[in-house]
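K.L.:
Structure incoming, see below.
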Amino acid sequence: MSTYDIDTDENAEQSLADNPITYGANGQPFSPQTVNGDAGNVANRYSSVLESMDLSIPSLKELPSQRQISSNDVFCNRELRLDNIRAIGFDMDYTLAQYQQPNFDKLAFDGAKEKLVNSLGYPKEVLDFEYDHTYWVRGLIIDTARGNFLKIDRHKYVRMAYHGFSPISSNMRKQIYSKTFNKQPSFTEKGYVNMDTLFQHVDAHLFALLVEMKDFGEHEFLDERTYEEIYRQVRECVDLCHRDGVIKDEVARDPEKYLVLDDGLLPMLRQYRENGIKVFLLTNSYWEYTSTAMNYLYHEKKVDEETQKKNEWTELFDLVVVGACKPAYLKDPYLNLFRVEPEDGSLKNTDGLFEIEALGEGGAEKFLEMGKCFQGGNWNHLQAMLETTAGEEIIYVGDHLYADVLRSKRALGWRSCFIMPELPEEMRIFNSQVDLRKSIMQLRSLRDELGAYADTLRLEMTNASFSESRAMEKKIEQIEEDDGKIKEKLSEAHRQYHSAFHPRWGQMFVAGYQDSRFGYFVKNYACLYTSKATNLGLASAARAFRTSGELLPHDNMLSRPSTEFVDAEVE
């Protein structure tokens with residue numbers, strides 16, 4: 001048994017897709033009891049602390065009896081005051097521009113299929129592949145060398161694994177990923193791909209289908225290729241669809257089919273500028289596609305060619321950067337900057353830094369008056385044009401966990417807001433399963449208490465008489481029997497809980513009983529996170545976001561009403 005296997009019911013999560021849930025009374029799913037009951041009115045909730053602190057808060061009576069939490073809220077991991085922000089930047093794809101699913105993904109999926117078959121010689125059966133975006137969640141890792149898909153926890157322990165679409169057994173999973181002495185994978189090595197953006201669902205599904213075809217079909221073409229070669233060609237074909245017009249031309253032809261309108265977008269961007277906050281767009285998409293998407297979002301309809309050339313949407317921004325090549329934009333100081341001519345998308349050389357300096361006082365403002373749309377460059381150009389001196393004066397809003405959030409935070413100290421379109425569904429399911437989760441955590445706490453008591457008995461047995469030892473042995477046997485009952489029920493309840501979120505991968509932010517890798521990075525690198533960018537517009541420019549506070553295990557245990565502190569030093 002692995003030293004990681006403290007949670008011996010962990011296989012419940014791995015087996016979500018394998019076993020139907022038929023347990024509990026009369027074969028019905030486990031049904032917990034409500035734990036907390038009525039929350040009561042707001043005065044009752046705070047009365048004891050206000051009394052102990054000798055505080056009188058007249059505005060308390062104005063608060064609602066219960067605080068309403070919605071998926072439109074902005075959630076905070078690191079305290080942030082918006083009135084200290086001088087500039088706010090937005091990614092475009094899956095941030096300002098949300099996409100209709102699965103319509104948008106199918107453009108890349110179908111285009112990549114055709115390129116694999118017609119250009120690279122893959123079997124014609126590939127053209128029959130069907131796309132299913134619901135199979136995947138963000139935060140998974142693709143092991144391209146083995147054709148595996150992994151869900152890992154914050155400690156880099158693989159909790160769930162599939163080969164293609166086939167579950168990998170617990171023993172096999174451990175043999176592959178945790179049994180090699182001194183070679184625990186970090187999952188950042190070559191061959192591992194992190195699914196940090198919704199765009200990668202296409203790559204994952206097409207790769208998994210080809211893994212299945214290679215394993216179970218009779219295709220000499222695929223037999224001669226490694227999984228890694230197959231993935232690389234999938235990635236190249238999908239990427240080419242984003243560059244050669246397969247996606248761009250179709251979105252331009254029928255934007256309503258692929259783009260989601262949000263009536264909060266324009267008011268939010270205008271309000272920031274009215275409040276004196278500089279607003280910029282920083283996207284990896286190139287000018288032609290950016291112009292198409294932003295014109296549709298601005299005018300809320302498809303526009304004619306003459307209107308598109310006006311690019312009136314640029315009035316929403318102080319500056320626009322396309323073709324940014326993130327994350328390189330955020331770490332390579334030698335990337336060249338070009339000015340974009342909005343009418344035709346042509347490029348002109350510009351240095352940026354030296355030109356701003358040469359223009360003297362107000363150089364950045366004068367430089368942007370010559371044209372505020374750019375391609376490429378790097379963070380030095382951006383911060384010079386924004387006239388910011390510290391990374392913490394900038395907040396960047398994006399959907400890519402690595403390229404938008406982690407890299408901007410770690411390298412430059414920018415504040416960050418992570419966009420999670422999946423959040424409403426995660427919150428909805430969590431709310432419906434909250435009583436079950438409380439019951440699970442109570443049972444785990446009970447197992448922990450029983451285990452600690454059994455351990456105390458074992459230690460006491462070393463100095464006990466024979467009769468006392470026999471009595472203690474019987475107590476330990478009973479504890480072990482009781483623990484087995486709890487373990488069995490926990491396994492059933494845990495599997496039911498995770499399958500409510502996703503039938504294969506479970507809860508996005510959790511792996512086993514730990515934060516998932518995805519949840520860990522969101523918690524550590526996203527100052528704020530929310531379901532869509534326009535939720536930020538629901539907060540005033542004076543809003544202060546506060547964290548809910550975090551506890552280490554010793555403080556967490558001491559905070560429970562059922563625990564009592566024993567000062568070992570005094571005893």
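K.L.:
Which net charge results for the neighbourhood of R517, defined as the other residues with beta-carbon distances under 12 angstrom from its beta-carbon, given Lys and Arg at +1 and Asp and Glu at -1?
P.N.:
Local charge sum for R517: +3.
K.L.:
Would you mind getting the accessible area per residue of the stretch 276-324, heavy atoms of the protein chains only, 1.4 Å probe, in Å²? Before the final figure, lay out the partial values.
P.N.:
Values: 1880 Å² over 49 residues.
For the stretch 276-324, the solvent-accessible area averages 38 Å² per residue.
K.L.:
Can you pull the percent of the stretch 141-254's accessible area that's carbon plus sulfur, 1.4 Å probe, other chains left in place?
P.N.:
Numbers: 2490 of 5170 Å².
Exposed carbon and sulfur together represent 48 percent of the surface.
K.L.:
Same structure, new question: Can you work out the Karplus-derived ³J(HN,Hα) for every residue in the stretch 250-263? Use 6.51 cos²θ - 1.76 cosθ + 1.60 with θ = phi - 60°, whole Hz, and x for glycine or proline.
P.N.:
So the J values, rounded to whole Hz, are 6, 5, 5, 6, 9, x, 4, 6, 10, 10, 9, 7, 9, 6.
K.L.:
Residues of the stretch 67-121: accessible area per residue at 1.4 Å, in Å²?
P.N.:
Normalised by residue count, the accessible surface of the stretch 67-121 is 43 Å².
K.L.:
If you place +1 on the Cβ of every Lys and Arg and -1 on the Cβ of every Asp and Glu, how big does the dipole about the Cα centre of the chain come out, in debye to the nearest 20?
P.N.:
400
K.L.:
Here are labelled values, (i) 47, 34, 22; (ii) 45, 26, 22; (iii) 63, 24, 23, and one is the computed semi-axes √(5λ) of the Cα gyration tensor in Å for what I pasted. Which one?
P.N.:
Answer label, from the structure shown: (i).
K.L.:
If amide hydrogens are placed 1.01 Å from N in the peptide plane, which non-local residues have theirs closer than 5 Å to the one on D515?
P.N.:
R154
K.L.:
Something else: For R253 and L457 in one chain, what is 0.36 nm times their gap in residues minus the Cα-Cα distance, to one decimal in nm?
P.N.:
Separation in residues times 0.36 nm, less the Cα-Cα distance, equals 66.0 nm.
K.L.:
Output ³J(HN,Hα) for the stretch 78-85: one whole-Hz value per residue in order, computed from phi by the Karplus curve 6.51 cos²θ - 1.76 cosθ + 1.60 with θ = phi - 60°, and x for Gly and Pro.
P.N.:
9, 4, 8, 9, 5, 6, 9, 8
K.L.:
If you don't mind, there's one more thing I want to ask. Considering only DSSP states other than H, G, I, E and B, which trypsin sites (Lys or Arg not before Pro) in the stretch 481-571 qualify as loop sites with at most 16 other Cβ atoms within 10 Å?
P.N.:
Here the trypsin sites (Lys or Arg not before Pro) that fit, given the DSSP loop and packing criteria, are R543, R546.
K.L.:
Moving to a separate point now. State in Å² the accessible area per residue of the stretch 335-379; use a 1.4 Å probe, count heavy atoms of protein chains only, and round to the nearest integer.
P.N.:
Solvent-accessible surface per residue comes out at 57 Å².
K.L.:
While we're looking at this one, here's another question. If the cut-off is a Cα-Cα distance under 29 Å, which lysines reach K487, setting aside same-chain residues fewer than 8 apart in sequence?
P.N.:
Result set, ordered by chain and number: K151, K156, K174, K179, K438, K474, K475.
K.L.:
With the Cα gyration tensor of the stretch 242-303 giving a ≥ b ≥ c as the square roots of its eigenvalues, does the rule (a/c under 1.5 for rounded; else a/b larger than b/c for prolate; else oblate) give rounded, prolate or oblate?
P.N.:
Oblate is the answer for the stretch 242-303, as a/c is 1.5 or above yet b/c matches or exceeds a/b.
K.L.:
Calculate, in nm to one decimal, what F354 and E300 gain on full extension: separation in residues at 0.36 nm each, minus their alpha carbon distance.
P.N.:
15.5 nm
K.L.:
Remind me, relative contact order of the chain in percent, using alpha carbon pairs under 8 angstrom and six or more residues apart?
P.N.:
The value is 24 percent.
K.L.:
How large a share of the accessible area of the stretch 259-356, in percent, is made up of carbon and sulfur atoms when the probe is 1.4 Å and the other protein chains stay in place?
P.N.:
Here it works out to 48 percent.
K.L.:
Please count, across the stretch 273-388, the pairs of lysine residues with Cα atoms under 23 Å apart that sit 8 or more places apart or on different chains.
P.N.:
The number of close lysine pairs in the stretch 273-388 is 18.
K.L.:
For a quick size check, give me the Cα extents of the stretch 397-453 along its three principal axes, largest first, whole Å.
P.N.:
Each principal axis gives a Cα extent; for the stretch 397-453 these are 49, 29, 14 Å.
K.L.:
Compute the signed sum of charges (Lys and Arg +1, Asp and Glu -1) over the other residues within less than 14 Å, Cβ to Cβ, of E357.
P.N.:
Residues near E357 contribute -4 overall.
K.L.:
For the stretch 315-432, what does the alpha-carbon gyration tensor say about shape, rounded, prolate or oblate, given a ≥ b ≥ c as the root eigenvalues, a/c under 1.5 as rounded, and a/b over b/c as prolate?
P.N.:
Because a/c hits 1.5 or more and a/b exceeds b/c, the stretch 315-432 counts as prolate.
K.L.:
Separate question: So if we plug the beta-carbon distance of E343 and T134 into 1/(1 + (r/R0)^6) with R0 = 56 Å, what FRET efficiency do we get, rounded to 0.05?
P.N.:
My answer for the efficiency is 0.85.
K.L.:
Using the per-residue mean of other Cβ atoms lying within 10 Å as a proxy for protection, in what order, highest first, do the peptides 556-568, 42-54 fall?
P.N.:
On the way: 556-568: 8.5, 42-54: 11.2.
Packing proxy ranking, top to bottom: 42-54, 556-568.
K.L.:
Got a number for carbon plus sulfur as a percent of the stretch 401-522's accessible area, 1.4 Å probe?
P.N.:
Answer for the stretch 401-522 is 50 percent, counting heavy atoms of protein chains only.
K.L.:
Then there is this: Based on DSSP, what percent of beta bridges with both residues in the chain are antiparallel, to the nearest 5?
P.N.:
Percentage antiparallel, nearest 5: 55.
K.L.:
Choose one of H205, G245, H219: the residue whose Cα lies farthest towards the positive end of the charge dipole of the stretch 184-253 (beta-carbon charges +1 Lys, Arg; -1 Asp, Glu; about the Cα centre).
P.N.:
Sorting the options by dipole projection puts first G245.
K.L.:
If amide H atoms are built 1.01 Å from N in the plane of the peptide, which residues on other chains or at least 5 residues away come under 5 Å of the amide H of M420?
P.N.:
Here T530, S531, K532 satisfy the definition.
K.L.:
Students often forget the sequence filter, so: which lysines lie under 20 Å Cα-Cα from K124 once same-chain residues fewer than 8 apart are removed?
P.N.:
K106, K113, K115, K214
The values are calculated or read from the model by the stated rules, or taken from the named source; none is laboratory data. Quick caveat: nothing in here was measured; it's all calculated off a predicted structure. Glycine also receives a Cβ, built like all others from the backbone with ideal geometry; neighbour counts cover every protein chain displayed. Please note that ligands, DNA and RNA were not included when accessible areas were found on the heavy atoms of the full protein model with its side chains. Shrake-Rupley method; radii C 1.70, N 1.55, O 1.52, S 1.80 Å.
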